[in-house]
1. If the only charges are +1 at each Lys and Arg Cβ and -1 at each Asp and Glu Cβ, what is the size of the charge dipole of the chain around the Cα centre, to the nearest 20 debye?
2. Pull up the cross-link candidates among the lysines for LYS31, meaning alpha carbon to alpha carbon under 19 Å and not fewer than 8 places away within one chain.
3. Mean-square fluctuation check for the chain, GNM, Cα pairs under 10 Å: which of MET391, MET340, MET27 is largest?
4. Any idea how far apart ARG390 and GLU274 come out in nm if each label point goes 7 Å out from Cα toward Cβ?
5. Only bridges whose two residues both fall in the range 74-359 count here: according to DSSP, what percent of them are antiparallel, nearest 5?
6. Report the calculated FRET efficiency for LYS236 and ARG121 (r = Cβ-Cβ distance, R0 = 30 Å), to the nearest 0.05.
7. Please sort by residue number the trypsin sites (Lys or Arg not before Pro) in the range 209-312 whose DSSP state is loop and whose Cβ has at most 15 other Cβ atoms within 10 Å.
8. So, in Å, what gap is there between the alpha-carbon centers of the range 235-280 and the range 118-178?
Amino acid sequence: MKTDLLITGVAQLVTAEGAEAKRGRAMSALKIIDDAAMAVLDGHIAWVGRASEWTGEAAATVDVGGAAVVPGLIDPHTHAVWAGDRLSDFEARAAGATYEEILAGGGGIRSTVRATAAATREELVALAKVRINALTRSGATTIEVKSGYGFSMAAEIAMLEAIERLAEDSAAQIVATLLVHIPPADVTERREYVEQVCGDLIPVVARRGLASAVDVFVERDAWHVDEAEEILACAKQHGLGIKLHSDQFHSVGGVELGVRLGALSVDHLEAAGETQIALLAGNTTVATILPGVSLHLGIPAAPGRKLIDAGAAVAVGTDLNPGSSPLYSSAAALALAVRMNGLTAQEALVAGTVNAARALGLNDQGRLEAGCAADFLVLDSGDWRDLVYRMGASPVREVWVGGRKVGA
Ligand code: NIG
Ligand code: FE
């Protein structure tokens with residue numbers, strides 16, 4: 001076998017078991033190869049195994065000097081494009097106001113919508129680039145980015161165009177999602193908004209390939225289940241994947257809807273109970289949990305342990321956004337999932353790689369095996385568990401995307 005590159009000196013090469021992931025098993029086991037090597041050809045992994053078993057040729061060799069190598073992380077849920085800040089919300093919450101009270105009073109997400117509307121596309125791209133670089137440095141090689149601070153059809157398109165621009169010069173792969181976030185306050189306008197989303201926005205987004213999925217925030221103070229069903233059914237008709245922000249503060253039927261419509265994932269789940277856990281355990285919809293939100297807002301942690309014990313596929317993301325989760329590290333999200341949601345270190349890595357890929361409908365990312373993208377991390381440690389153990393200083397020494405070392 002003739003390849004472009006051979007990575008050697010790998011003390012541990014860690015990956016989720018591919019065969020299990022392909023069978024759709026909820027939580028794959030981890031495979032750890034000691035004294036490993038990995039060969040790369042055309043940006044993809046050509047061979048992985050014990051170094052002593054390599055018999056091919058490589059145009060170049062990189063010796064990582066006894067480091068652990070893990071798959072590049074997939075961050076399946078971010079709102080990385082926004083303008084303005086939510087520092088006054090942060091102060092108000094510290095003084096006792098809740099996130100929901102601030103939102104109901106016209107602030108919170110609505111204040112970010114106003115600031116985002118006032119920014120130019122160039123400003124939005126420049127602001128988001130810094131955040132995407134931080135996530136990449138933390139280990140994310142694929143990052144989902146949502147719109148949702150637009151609040152008009154034109155503004156949502158502008159956000160998606162900013163994400164498209166961001167994707168053009170990001171080292172990490174960017175996956176765009178159209179988020180239908182917050183409804184207008186007026187009932188008539190609310191109805192018109194749904195009609196515009198289904199009649200104008202989704203068809204344009206699908207035709208121009210501006211997003212691969214549509215997400216709806218289902219909550220007492222956001223969209224209701226019947227409205228979300230209309231929007232998501234329309235997204236499906238246009239060949240787009242579907243996702244929901246669901247059960248963040250109240251369990252109002254979002255999980256039930258997502259499972260019934262075959263959503264790629266339902267995300268948040270801090271308020272999910274036994275019924276929702278059982279539903280997710282019996283279906284292929286991924287349960288994406290976002291521990292940064294529980295930490296930042298002081299709300300209950302999503303029942304990660306119970307979801308996994310019941311048989312659900314759990315993924316973890318940062319939910320990077322200014323209001324509920326200013327968490328700029330995808331590796332830290334995994335570290336928090338171990339502390340706050342009861343995942344084991346092994347489960348956290350599966351949740352942040354192969355299951356996060358599933359939550360985005362991606363098949364050849366999140367694993368280190370022949371045929372997959374050569375997206376991987378070289379740690380500054382010989383033990384991969386440092387990735388989810390350390391807090392506050394990153395154990396990620398190098399980030400490689402498509403077989404190239406990136407400097408973010
Ligand atoms: O995932 N809760 C809904 N949406 C976002 C927060 C957005 C914001 O507060 O700006 C979330 O938590
Ligand atoms: Fe979110």
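Every read-out reported here was derived from the displayed coordinates using simple, explicitly stated rules and does not represent laboratory data. Since the model is a prediction, treat every value here as computed from it, not as a measurement. Note that each Cβ is placed from the backbone with ideal geometry, even for glycine, and that neighbours are counted across all protein chains shown.
1. Taking the Cα centre of the chain as origin, the dipole is about 480 debye.
2. Of all the lysines, those that pass the test against LYS31 - Cα under 19 Å, at least 8 places apart if same chain - are LYS22.
3. Checking each option, the largest mean-square fluctuation is seen for MET391.
4. 4.3
5. 5
6. Values: r = 29 Å, r/R0 = 0.97.
After rounding, the FRET efficiency stands at 0.55.
7. On the way: sites: ARG220, LYS236, LYS243, ARG260, ARG305, LYS306; in loops: ARG220.
Here the sparse-neighbourhood loop sites are ARG220.
8. Rounded to whole Å, the Cα centres lie 24 Å apart.
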